[in-house]
Structure formats: C-alpha cells, structure tokens
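Engineer: Sharing a structure here in structure tokens format.
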Amino acid sequence: MTTPEGTTNEIVRAALVQTKWTGDKDSMIAANVALARKAAAQGAQILCFQELFYGPYFCQVQDPAYFSYTESIPGPTTELMQALARETHMVLVVPIYEVEQEGVFYNTAFVIDADGTYLGKYRKHHIPQVKGFWEKFYFRPGNLGYPIFQTAVGPVGVYICYDRHFPEGWRALGLAGAKIVFNPSATSRGLSVYLWNLEQPAAAVANEYFVGAINRVGVEELGDNSFYGSSYFVDPRGQLVGDAASDTDDEVIVRDLDLNVLKEVRHTWAFYRDRRPDSYESLVAP
C-alpha cells in the first residue's frame, strides 16, 4: 500500500467477521454490516465475511426452496457493499450464493475495493457431497480459475471452505502473487476442529503468505451441525496473529498484518525458488 507521501506502508489492518444465523436475510445483512462498521471504527482496511454470509448454511438439507437465496453479481448485495466500501474506505470480500443463469448456481465471493470499485469474483472449486454438506445439490464447481485481486492494500486471493483441503489452489494463489488469502467457511464441530487448526497454518507456511480463516458460529435449525467460529489470522510462519475469535459468539477480529514478514520468510525458506514443476507433471496427467 502506498501512503500519500509516496512511501510504502507494509502494515495492513485486516478484519474477519463471524456471525450466527439471525433468521432472515435482511437482519443477517444488517448484523454483518454493523460488525463491518465496528471494524472500520478500529481502522480496518480490509474485511472478509463468512461463507454464504447472508443466509443459513442451507447445505445441511437438499431443498430447492433455498435457490431463492441466489443473487446475480453485480446485484443488490454487490451494490450495498460498494456503498459500504465507499463509506468505510475498506476493501470488502463478500461470499454469497450466485446465480449465473436460472439453474446455474455458484458458491462465490466477490471483492470490492476501498473506493467502491467492483474488482471481480472467485467461485469455489471443490464441492463436497457428504452428510450435512450436500453442496453439489446447490453449486456447480468454480470455473474462473484462481484470480488475484489488486486491491488498495495489495494483492489478495480467496479460497472457500472445502477448497482448503486441496493444496493446489493455495499454491496457485501464491504463484500468482497473493500476499493475503481469505478462506471464508461454514465448518462444524467434530473431526474438522483438528483440521481447522492445522490446514490454514500449514498453507500459510507452504505458500509464504497470510491467511484469514473465517467460520460461522451457532447451531442452525436445518441440521445438527454446530459451527464453532474460532476465526483467526495466521502469518507465513504458521503463527496466529493475536488470538482466535470466540467459538460461540458473533465477533469481528481486527489484526495488524506486517507484510515485511513475507520478505523475511521468503528469504529464509526459499520454497518458490526451490520448486520443481518440471518433476510434477504426473500429478496432473489425465
């Protein structure tokens, strides 16, 4: 990020929002916007909401009634977030349920720059279909690659929930120049708690960037999944930046990310220099 004096500011104040389902879309948006304004009041420059932020996690059931939560991008929520970005001067990463055309839906996050400019979107690539996570009923796999968004705070990537189990996308974002990658999620208690505290720090270390991991909280009426929050930022050394958020309550966490650490780590652990893509061809052979 460049300051008005023309010098480089390597500290980015970043925020994550985790919330319970409020019962309807309008109140859910209002609750999240209120927390975003709280983050802005603390000086946040970039903020990411949780997966499918304005609705319940409806993938606990298979019901076409939830297709009604889809929106086009750009669309009403895009326009609302553009206005919020202009008001707060924050970059916003906003995960919603996208309709491309009737019957063609994606799990998507769009990015708005700090001046309200729409920068583009990422569509979730890896779609689970297991008990409690019937996502193939609702979403097509993403088809827009692994874009990097050149924001007011630098290059940012997005990787959504179940994506995090697949290292290839993390690496693609790093190779494309990401300095911060957000992983908005809807992750429930059980085996995933162990993975929640393992996978994102491992990805941050392997790819030498910051990761913002976001999870919703609460038990929703559609199933018995208990979402455990615990949102956090992790640095390229795999260390948490401050404490993780509550595992039960709505919360916004704001943390200072020192991008100078990326240079230090990349000079110490030269993973990008020492890669051997010439020897990996068999990994993607048909």
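Engineer: Hey, among the residues in the stretch 21-45 that are touching a residue at least 40 places away in the same chain (Cβ under 8 Å) and touching a Gly at 6+ places or on another chain (Cβ under 9 Å), which one's nearest to Gly212 (Cα to Cα)?
Structural biologist: Trp21
Engineer: Further, regarding this structure: Answer yes if at least one residue in the stretch 177-184 is surrounded by fewer than 24 Cβ atoms within 10 Å (Cβ to Cβ) and closer than 23 Å to Lys124 by Cα, and no otherwise.
Structural biologist: Yes, some residue in the stretch 177-184 is surrounded by fewer than 24 Cβ atoms within 10 Å (Cβ to Cβ) and closer than 23 Å to Lys124 by Cα.
Engineer: Output the residues belonging to the stretch 78-100 that are assigned to a loop (DSSP other than H, G, I, E, B) and more than 18 Å from the chain's Cα centre (by Cα).
Structural biologist: The one that is assigned to a loop (DSSP other than H, G, I, E, B) and more than 18 Å from the chain's Cα centre (by Cα): His89.
Engineer: Okay, moving on. Within the stretch 165-188, which residues are among the basic types (Lys, Arg) and in contact (Cβ under 8 Å) with a residue 40 or more places away in the chain?
Structural biologist: The answer is Lys179, and nothing else.
Engineer: Just name the residue that is nearest to Leu262 (Cα to Cα) out of those in the stretch 174-197 that are at pLDDT below 95 and hydroxyl-bearing (Ser, Thr, Tyr).
Structural biologist: Only one residue tops the list, namely Tyr194.
Engineer: Out of the residues in the stretch 226-244 that are of a type outside the set (Phe, Trp, Tyr) and more than 20 Å from Asp258 (Cβ to Cβ), which is surrounded by the fewest Cβ atoms within 10 Å (Cβ to Cβ)?
Structural biologist: Among those residues, the one meeting the criterion is Ser226.
Engineer: Filter the stretch 105-117 down to residues that are surrounded by fewer than 18 Cβ atoms within 10 Å (Cβ to Cβ) and either touching a strand residue (DSSP E or B) at 6+ places or on another chain (Cβ under 9 Å) or among the charged types (D, E, K, R) (or both), then give me how many there are. Don't jump to the end; show me each part of the working.
Structural biologist: Narrowing the stretch 105-117 to residues surrounded by fewer than 18 Cβ atoms within 10 Å (Cβ to Cβ): 115-117.
Within this subset, residues satisfying the condition of being either touching a strand residue (DSSP E or B) at 6+ places or on another chain (Cβ under 9 Å) or among the charged types (D, E, K, R) (or both) are 115.
The qualifying residues number 1.
Engineer: What number of residues within the stretch 143-182 are outside any helix (DSSP H, G or I) and among the basic types (Lys, Arg)? Write out each step before concluding.
Structural biologist: Filtering the stretch 143-182 for residues outside any helix (DSSP H, G or I) gives 143-160, 166, 176-182.
Now narrow it down to the ones that are among the basic types (Lys, Arg): 179.
Count: 1.
Engineer: Only one residue in Gln101, Gln82 is polar (S, T, N, Q) and touching a Gly at 6+ places or on another chain (Cβ under 8 Å). Which one?
Structural biologist: Only one candidate qualifies: Gln82.
Engineer: Sticking with this one: Enumerate the pairs (first residue in the stretch 84-103 and farther than 19 Å from Lys38 by Cα; second residue anywhere and of a type in the set (A, V, I, L, M) and surrounded by fewer than 24 Cβ atoms within 10 Å (Cβ to Cβ)) with beta-carbon separation below 7 Å, excluding pairs fewer than 6 apart on the same chain, so at least 6 apart or on different chains.
Structural biologist: Pairs found: Glu98/Ile73.
Engineer: How do the pairs read when you match residues in the stretch 214-232 that are under 19 Å from Leu16 (Cα atoms) with residues anywhere that are aromatic (Phe, Trp, Tyr) and not in a loop (DSSP other than H, G, I, E, B), using Cβ under 6 Å and keeping only pairs 6 or more apart or on different chains?
Structural biologist: The qualifying pairs are Arg216/Phe227; Val217/Phe227; Gly218/Phe227.
Engineer: When the stretch 234-266 is examined, which residues are found to be in contact with a helix residue (DSSP H, G or I) (Cβ under 9 Å, 6 or more places away or on another chain) and not charged (D, E, K, R)?
Structural biologist: Val234, Pro236, Gly238, Gln239, Leu240, Val252, Ile253, Val254, Val265, listed by residue number.
Engineer: Hey, another quick one. Yes or no: Gln50 loosely packed, with under 15 Cβ neighbours inside 10 Å and at negative phi?
Structural biologist: Details: loosely packed, with under 15 Cβ neighbours inside 10 Å: no; at negative phi: yes.
Against the criterion (loosely packed, with under 15 Cβ neighbours inside 10 Å and at negative phi), Gln50 does not qualify.
The values are calculated or read from the model by the stated rules, or taken from the named source; none is laboratory data. If you're wondering where the values come from, they're calculated on a predicted model, not measured in any experiment. Please note: Cβ atoms are built from the backbone with ideal geometry, for glycine as well, and neighbour counts cover all protein chains shown.
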